[in-house]
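Notes follow once the structure below has been shown.
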Amino acid sequence: MRTVIFDLDGTLLPIDFDGFLTEYIQSISVFCQDIIDPKLFVSALLQSIEVMMKNDGNKTNEEAFMTHFLDKTGLEKEKVYPLLEEYYLNEFCKLNKYVKKSRLSSDIVSTILKQDWQIVLATNPLFPRLAIEERMRWAGVADFPWLHITTYENSRGCKPQLIYYQEILDKLGLHPEKCWMIGNDTEEDMVAADLGISTYLITDYLIDKGKREIKPHGRGTLQEFAQFVSKGKLAAL
């Protein structure tokens, strides 16, 4: 089966992720201030994210993150988990004001499904599923029949590690030569080409840290990608 694998932030979701991340960290640290000093929370959060991003596949990202976070803060899992769930259910949604509203992403995904491709959401799995599903709603793509959505609960690696993409291929039984990876990061998303996956670089919120020389199979704005899709060019390779 042919498969289109999508990044979320800066690709399907029109967002300046660095700016959003700053506001998110401020928001969640204040929300948790009754059990931990915000400065200590932020320090532990950032260190634990770094640990998670180096996950070698021996544990889930959630396990890698939480083991380090609980150790650094001295907090108990029984106190942290309910509070974080409350945050993602009731507070995280307020950050949607940093997102540019558009129907373009939902139109693209709808067209791709009509062309008999299956779809996978491959956002960097640094967040729990609740947070990812909320951002999918902001992008207008939450209600599509996603074959798989990577979250920190179900993933054992992070972008740009190849183990992250290999896990998707293995878990779903996908053939790389029948897949596209669509993303806005020259390193984190375009690295999928190393496994034989075709790539399309979205340039509206381009992230290029100059760490990787790339030759994507296509590149352009999300609007240009929509035209690429509508002309049936995904099937050209």
- Query: Which lysines, on any chain, are close to K231 with Cα under 22 Å apart, when same-chain ones fewer than 8 places away are left out?
  - Reply: K114, K178, K215
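Roughly what % antiparallel, to the nearest 5, for the DSSP beta bridges in the chain? Kindly include the intermediate steps, with their values, before the conclusion.
Details: 1 of 20 bridges.
Just about 5 percent of them are antiparallel.
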- Query: Which residue, G140, G19, G220, has the most motion in a Gaussian network model of the chain that connects Cα atoms within less than 10 Å?
  - Reply: G19
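Under 8 Å for C-alpha pairs, at least 6 residues apart: give me the relative contact order for the chain, rounded to a whole percent.
Working: 375 pairs, mean separation 61.1, N = 237.
The normalised contact order for the chain reaches 26 percent.
Please list, by residue number, every one of the trypsin sites (Lys or Arg not before Pro) in segment 14-62 that is coil in DSSP and has at most 11 other beta-carbon atoms within 10 Å.
Values: sites: K39, K54, K59; in loops: K54, K59.
Here the trypsin sites (Lys or Arg not before Pro) that fit, given the DSSP loop and packing criteria, are K54.
Identify the GluC sites (Glu not before Pro) of segment 91-177 meeting these criteria: DSSP loop state and at most 16 other C-beta atoms within 10 Å of the C-beta. Spell out each step's value before the answer.
Values: sites: E91, E133, E134, E153, E167, E177; in loops: E91, E153.
Those satisfying the criteria are E91, E153.
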- Query: List the lysines whose alpha-carbon lies under 16 Å from that of K59, not counting same-chain residues fewer than 8 positions away?
  - Reply: K159, K171
- For segment 159-237, shape from the Cα gyration tensor axes a ≥ b ≥ c, cut at a/c of 1.5 then a/b versus b/c, turns out oblate
- By how many nm would the segment from K39 to H175 lengthen if fully extended, with 0.36 nm per residue of separation less the alpha-carbon distance? 44.4 nm
- Message: With angles folded into 0 to 90 degrees, how steeply does helix 104-114 sit against the dominant principal axis of the chain? Use alpha carbons for both and round to 10.
- Response: 60
- Query: Is the chain best put as rounded, prolate or oblate by its Cα gyration tensor, with a ≥ b ≥ c the root eigenvalues, rounded for a/c under 1.5, and otherwise prolate when a/b is larger than b/c, oblate when not?
  - Reply: prolate
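What is segment 18-96 by shape, rounded, prolate or oblate, if you read a ≥ b ≥ c off the alpha carbon gyration tensor as root eigenvalues and call it rounded for a/c under 1.5, prolate for a/b larger than b/c, and oblate otherwise? Intermediate results must be reported in sequence, preceding the final value.
Numbers: a/c = 1.59, a/b = 1.30, b/c = 1.22.
Since a/c reaches 1.5 and a/b is larger than b/c, the shape of segment 18-96 is classed as prolate.
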- Choice from S198, S155, S29 with maximal GNM fluctuation in the chain (Cα, 10 Å cutoff): S29
- Degrees separating the helix 129-139 axis from the principal Cα axis of the chain, which is the longest one: 50
- Amide H contacts under 5 Å for T221, placed H, 5+ residues apart: T203
- Message: What do you get for the angle between helix 77-90 and the principal long axis of the chain? Use alpha-carbon atoms, 0 to 90 degrees, nearest ten.
- Response: 50
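No lab work stands behind these numbers, since they all come straight from the coordinates. Please read all numbers here as calculations on a predicted model, not as lab measurements. Glycine gets a Cβ as well: all are built from the backbone with ideal geometry, and neighbour counts include every protein chain shown.
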